[in-house]
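Asks: Once you've had a glance at the structure underneath, I'll fire off some questions.
A short reminder: the numbers here are calculations on the coordinates, not readings from a lab. From a predicted model like this one, the values you see are computed outputs, not experimental measurements. Here the Cβ positions follow ideal geometry from the backbone for every residue, glycine too, while neighbour counts run over all protein chains shown.
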Amino acid sequence: MPQRIRLLQSSDWFCGAPSGARGLGLSPELAAVRRSEIDGVAQRIVSLARQEKVDALLLPGNLWQAAAATPDLLLNLMGCLESLAPTPVLIAPGDAEGRGQGNYYNPRVLDVLGLPDWPPNVTVFRERAWTARTFEALPGVQFFGRALWPGDEGLAELDVKDGQNGVRVALACQPSGGSTALTSLARGVSWLALGGNPQPALIVDGERQAGAVSGSASGRSFAETGPRSVWLVTLEGARVSEVRRVASENRVLHDLVIRLVPGDPDLTGTILTSLESAGVKPLDIVRVTVEVPPTSPLLPPVTFSRLADKASSLVVIPRLEPGPWPEPDPRNVEGRFTADLLVRLRQANEPAARDLLQATLFLGRSALAGRSLSPSFGALE
Amino acid sequence: MKIDRLSVHGFAGLLDLEVRWPAGRLLLVVDTNEAGKSSLCEAILAGLYGLSRSPGAVPGAKLRDLRRPRNGGPFGLTLEIESDGTRFRVRRDFDAGTLSVVDLGKNLDRTPEFVRSRSRDTVGEQLAGLTEALFRSTAYVGQNVLDRDSFDSLLVLELSKIADTGGGEGTALRAQRLIESARAKMPEPLTGANVSVDTEIMRAQRRVDERRSATVRRQRALEEASRLSESLESLENRLTQSRRKAALANLGVIAAECRLLEDRVKAIKEAERRVRDLEQELSRLKPVADNHEKGAFQQLEALRIEIGKRPEALEEAQRRLESDRRAVDQERRDRELRFGLGVRLSGEERQTAVFLLKGIAESERELQEAEAELKREWEDLRREGLAEDVRKFDALSPSDMQFLETAEEERIRLEKEGVRLDRLTSESSARASIVARERRIKTQSARGLLATSLIAGAISAVLALAQARVPRPVVLGAAAFAVSIGVMGAVFLARAGRYREEEEAEQARLEAEFRAEAAVCRKDLSDLRLRLSQISAKAGFGSTAELGKTFRKLRAAEARRRVLVEASARRDAIRKRRERLEADFEPFRSGLGSTAGLPSGEDARRALELIEDLERAQRQEDLRRAALDREEERLATERRQLEALQKELARSAVRSGAPEGLSLSDALLFVEADQKKYLRYHEILDQALPEAKKLASSSDHVRKLEGDRQSLLAELFRGLSGLGAVESSLPPVSSLDVARKSAEEARAQTEAADAELRSTRASLAQKLSEGVERAREDLESLEDAEWVLERALSFRQALDLARDRLSAATTVVHRDFRKGLEGASRGILERWGLPYEALEFDEELHVTVRMKDGKVLTRPEFEHTLSAGTREQLNLAARLSVMAYFGVGDKKLPLLLDDPFTSADDGRFLKLMNFLVEMVLPERPILLVTCHEWRHERFLAQLSPEIRQRVEVIPLRQGASSKESAAEEP
């Protein structure tokens, strides 16, 4: 059994996937940059692995988007992983690459496309059942992995025989929409590397750090805010001695919310303050949601030139502040209109219905104020 | 709320201004332009609400600069206000942005009650009960607002602003227009310039559909690729199995070849043994073969073959010929029995009989047709009621009929002739009478002349007698006249006696002649009628008239009658022809078995058929007999040929070794044994032995074959070993051909499996390429298109909903607002003693008024019948009604008037000012700022002392000194 091994875990790269530029409010130029950043994640991770001198690279799934990954993209990815040789790279195929036989993990598919087979240092767990793999360079360490196949809704627990000694590392991708009891899944293994969830998380079994959910390597929507990272794990024997998160890319997505103060003459300044307090860097992509009161839902002007160097992309959108809302004066049209919509907003449960009512409120009050109407309901970029 | 005191520390052009505002006083601020009159009003508002941020106002920062004191001194003011029994001091420092509200009664700082976090304070709203916007729209009347020409439209606008936005800048009407405008022209369109929201949606939807289609196509391609890749493994397995099967089939071919070689060796050995056996048999048969000539046996055999079965066939044909002859004879006898004596008729007789029989049948048919026609004609006549008449006329003699043919015409002619002769007689008589009358007249005239002459003579005589009194010429004249008249009379009388005597005689002669002819004519007519009467009686008619009528009727139906007659004639002719036929048929009656009389048509046709059958049978018999004769001749020839052949056969048998004198059959039996040996000898020699020798081979060849077989066996076992198979794995085959065919099929299956695998791989590559090529761009493009569509859809929904809800809110608010204003105005107008009951507002908030008698003025009436002053009073009433509607009507809010009546003439100005002081001031304090000093001095001068003391004049230029001039605090 080795005294100490270092593992690097990453997944959910989604190479080839759309950049999410529209949802992020990116300019076409930045969208192109963002695409190359998403596709370049393999290179960054491999560089990191080389830099950290890891003993194995664990990739539990969703490395590319099956619907959009071209053979050239795959060839680059294989080249990156091969460049890490002889360090073993272990892959547990997930949902995004396409379940079953029709994906790039199938050597026959590679052959048909004229692509080489996966490099020798890359192990792909193509079976549905948990499969073990050992390496001469890592004696006493067993790697277990499995692939997602059509019909899989959860991950079966790894069947570990009692009394077995040694280090056991397992990796798999969680099926999207499925549910798995992570803690029980991690029992019996030294480290459980899971993919399939955009948000990173540590799996703790009692006092023990038993594994981690990788989280997506690149932010593609405001659901993936915060720094993107990989897990660097050190095992002393069968015990986890250190777990670190290391940034996987420099660009961070921020989704900030501030509250509009009626009469505040300097919304730009308020936004600047919130950017600073959130630690936004010039490369970052930011959305600022300004919560406005229903009786004054119109955003004052924002001086974007003051914000230009604070982030690579910044969009400001208004949103109705959460209740309770004051009762408008029903004796005038504006008040009655607002009161009517607030009543409906209180009754609406569906987000789409609430969005519509909010937009209606903004538009109606804008019209009453004699301001030009906009389909972006006051969003500023 | 009541403002007691205002201290302006610095506000625009106002510095250290102290204004006290006693209860029930109108503060009249009279000063020049730019003295700060309007700033005084704004300072009061700023004291209540802070610096304005109302919509449409100058932006905050800039307004602050505008209101800042021009000398750079302190920027602030203090108000002392009484509200609901509490006195407050409101101090504002606009430089520091601070506010201080102190309850003067309790000396308590109550600022926190009026401050909101990070928002404007609520001093004005709490104390005045109105928002700043509403205060500005009601209690603060700016310059020119009450202008005669525009106050109605301005009032409508302000009321709309109050009703729609609480006194803000916007109105529901403008909001609806903005919404409609946005609906018609999409703001910030993404699918093209100048498009409506609907067009934007339509275009975006089209883009989404296109991109979704592309995505679906790619998705399907990937699904197909997945399916194909799943089938790849099974296809590869199938190809492997096919290849193994083909290899085994090839080995099966080798195995079959081995077995074939083995069989060939066996066959060669068998052939060698057979050669030996044949050679031994040949040596045994050779003596017999040598004793016979090959040609004799061949000739004998040829003759036997030629004769073959011909004797038996000849005998059989002979029997058949005799049988046929007997059959023909029997048939002839049968025919005689069937046809009887008819058989004996000669051909000519049969032709005559056939002619007669056809005539009989034909005549019978014609007779039936003629009788039927006759019957039909009679039936027709009977239906028309003519049948009986025809019979009656048919019973008449031909001379009668001939007479009747012309009788009618003759009668008419005679009658006409009689009439004509009577007329001629009358004419002749008349002419004679005329002549006689003319003669009498002429005679009477002549006699008259004579009488006149006598009278004239008498007169002349008298005159002559009276010569003394009558001149002589007269007497002479009279006498001459009497003489001449007398002469004339005499001449005329003479002539009249001979006048037309010949003519009269001629007419008398003609009359006698015509009369005689007429008598003859009447006699003829009488004779004719008599004969007609006789014929009528003979034919059975009641009268000659009936006869004539019937005869005319029959003549009208003459064509029918003629047909009837012709039919009868035809029938009679046929009957006569049949009588002749019966006579002609008599000689054939017995031969054809006919009974007496003319045969019926049916019998005739039956006899005709019989004759036809008979003739046919006889023709057939003749033909058969001719054929039998020809057969008999052929058989005789055959018999002669056979006899010649048999003789030649017997001679040939003798030549082949048979002893002479034996019967032909014995001779042939004798020859046959040697012939068999001879033939067998030559069969072996010519056929069996060469074939056997051909199959037999040398021992070297056999060894070579054995060697080849061993090589093949070795190859077979090597192949099996290579496939990991044993000999039993080979496919069972019955022959080399079958094995080769199996191998060929297995090869074809392998090629098919290989082709399918290649095709699947190509399809897989294509589908994968289709599935991922430009997919990212397409997916992003789809996201874009969906976002654009969603944006436009949401915008449209929100616009529609906003329009709907705004409309609903407007309807309700305006209705309530109108009712509220009307109710409030009723009280105000009553208090003011104006002759109106209430203000009325239409849906667009245009104002008019209801008179005390209940009549509501129309808008034109309102504009043209009311004086400008009255309308300005009503305008003020409307503004105060708004405050009352919003519940602040009794708060004694001050009325701030900024030079309100600038466009009024002097008379109207005075009236309005009096109205303010007398009617409005008792309700609320008034601040009026103006630059028209002279006009207001006149106004003050004409006030009664009692009223005058309610007006406090404040000149702003006196600034701080005004403190001293201000009225005492109440």
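Asks: Can you give the mean number of other chain Cβ atoms that lie within 10 Å of the Cβ atoms in peptide B:174-187?
Replies: Mean inter-chain Cβ contacts per residue within 10 Å come to 4.
Asks: Okay, next question. Could you tell me which of the pairs B:Lys416/B:Lys523; B:Lys161/B:Lys911; B:Lys269/B:Lys694 are separated by over 19 angstrom between their Cα atoms in the structure shown?
Replies: Too far apart for the 19 Å limit: B:Lys161/B:Lys911.
Asks: What percent does the relative contact order of segment A:4-247 come to when contacts are Cα pairs within less than 8 Å and at least six residues apart?
Replies: Result for segment A:4-247 is 22 percent.
Asks: Could you tell me the relative contact order of chain B? Use alpha-carbon pairs under 8 Å, at least six residues apart, and round to a whole percent.
Replies: Once divided by the residue count of chain B, the mean separation gives 29 percent.
Asks: Could you sort the peptides A:114-123, A:11-20, A:95-104, B:637-646 by per-residue average Cβ neighbour count (10 Å cutoff), highest mean leading?
Replies: A:11-20, A:95-104, A:114-123, B:637-646
Asks: Now for a different question. Can you give me the Cα centroid spacing of segment B:229-271 and segment B:291-370 in angstrom?
Replies: 74 Å
Asks: Same structure again: log10 I(q)/I(0), Debye, Cα-only the protein assembly as shown, no solvent, q = 0.08 Å⁻¹?
Replies: Cα-only, vacuum Debye calculation for the protein assembly as shown: -1.16.
Asks: In straight Cα distance, which aspartates and glutamates are under 16 Å from B:Lys819, not counting same-chain residues fewer than 8 positions off?
Replies: B:Asp164, B:Glu837, B:Glu840, B:Asp842, B:Glu843, B:Glu844
Asks: Lysines near B:Lys576 by alpha-carbon distance under 30 Å, same-chain residues fewer than 8 away left out - which ones?
Replies: Partners found: B:Lys358, B:Lys375, B:Lys392.
Asks: If R0 is 30 Å, what FRET efficiency do you get for B:Arg703 and B:Arg276 from their C-beta distance, rounded to 0.05?
Replies: 0.90
Asks: Past 30 Å, Cα to Cα, is the threshold; run B:Lys741/B:Lys767; B:Lys704/B:Lys741; B:Lys647/B:Lys676; B:Lys693/B:Lys741; B:Lys266/B:Lys741 against it and keep the listed order.
Replies: Over 30 Å apart, Cα to Cα: B:Lys741/B:Lys767; B:Lys693/B:Lys741.
Asks: When we measure straight from the Cα of B:Lys106, which lysines land under 28 angstrom away, once same-chain ones fewer than 8 places off are left out?
Replies: B:Lys2, B:Lys891, B:Lys892, B:Lys963
Asks: About its Cα centre, what dipole magnitude does segment A:4-247 give when the only charges are +1 on Lys and Arg Cβ and -1 on Asp and Glu Cβ, stated in debye to the nearest 20?
Replies: Computed about the Cα centre, the dipole is about 320 debye.
Asks: Could you check how many percent of all C-alpha pairs in segment A:4-247 are farther apart than 26 Å?
Replies: When every Cα pair of segment A:4-247 is considered, 34 percent fall beyond 26 Å.
Asks: Find the all-direction average of the projected area of the Cα convex hull for chain B, expressing the result in square nanometres with one decimal place.
Replies: With every direction weighted equally, the projected area is 156.2 nm².
Asks: Here's a follow-up. Using the Cα centre as the reference, give the magnitude of the dipole from point charges on the C-beta atoms of the protein assembly as shown (Lys, Arg: +1; Asp, Glu: -1; all else neutral), rounded to the nearest 20 debye.
Replies: 3060 debye
Asks: For segment B:387-556, what is Rg from Cα atoms divided by 2.2 N^0.38 Å, rounded to two decimals?
Replies: Working it through for segment B:387-556, the quotient is 2.19.
Asks: Going by Cα centres, segment B:791-864 and segment B:622-647 are how many Å apart?
Replies: Here the two parts' Cα centres lie 142 Å apart.
Asks: Can you give the calculated 222 nm mean residue ellipticity of chain A, where each DSSP H run of n ≥ 4 adds -39,500 (n - 2.57) and the sum is split over every residue, rounded to the nearest 500 deg cm²/dmol?
Replies: It comes out at -7500 deg cm²/dmol, rounded to the nearest 500.
Asks: Next question, about the same structure. What Kirkwood hydrodynamic radius do you get for segment B:806-852 when you take the inverse of the mean 1/r over all pairs of distinct Cα atoms, in Å?
Replies: It is 11.1 Å.
Asks: Also, I was wondering about something else. Over segment B:441-555, what is the relative contact order in percent, taking alpha-carbon pairs closer than 8 angstrom and at least six residues apart?
Replies: With pairs under 8 Å counted, the relative contact order is 26 percent.
Asks: Here is a follow-up. Starting from the exponent 0.38 and prefactor 2.2 Å, build the expected Rg for segment B:248-313 from its residue count and divide its actual Cα Rg by it.
Replies: 2.21
Asks: Using a 10 Å cut-off around each Cβ of peptide A:111-118, what is the average number of partner chain Cβ atoms that fall inside?
Replies: For peptide A:111-118, the averaged partner shielding equals 3.
Asks: I would also like to ask the following. To check my understanding: the extent here is largest minus smallest coordinate of the Cα atoms along each principal axis. What are those three numbers for segment A:218-333, in Å, largest first?
Replies: Reported extents, whole Å, longest axis first: 76, 33, 22.
Asks: Specify the inter-centroid distance of segment A:183-216 and segment A:309-381, based on alpha-carbon positions, in whole Å.
Replies: The distance from the Cα centre of segment A:183-216 to that of segment A:309-381 comes to 42 Å.
Asks: Limiting things to C-alpha atoms, what are the Rg and the maximum Cα-Cα separation (Dmax) for segment B:494-552, in angstroms?
Replies: Here Rg and the maximum Cα pair distance are 22.1, 71 Å.
Asks: Sorted by packing (mean other beta-carbon atoms within 10 Å per residue), highest first, where do A:347-358, B:757-768 land?
Replies: B:757-768, A:347-358
Asks: Counting every Cα pair in segment B:723-817, what percent are over 20 Å apart?
Replies: The share of Cα pairs beyond 20 Å in segment B:723-817 comes to 73 percent.
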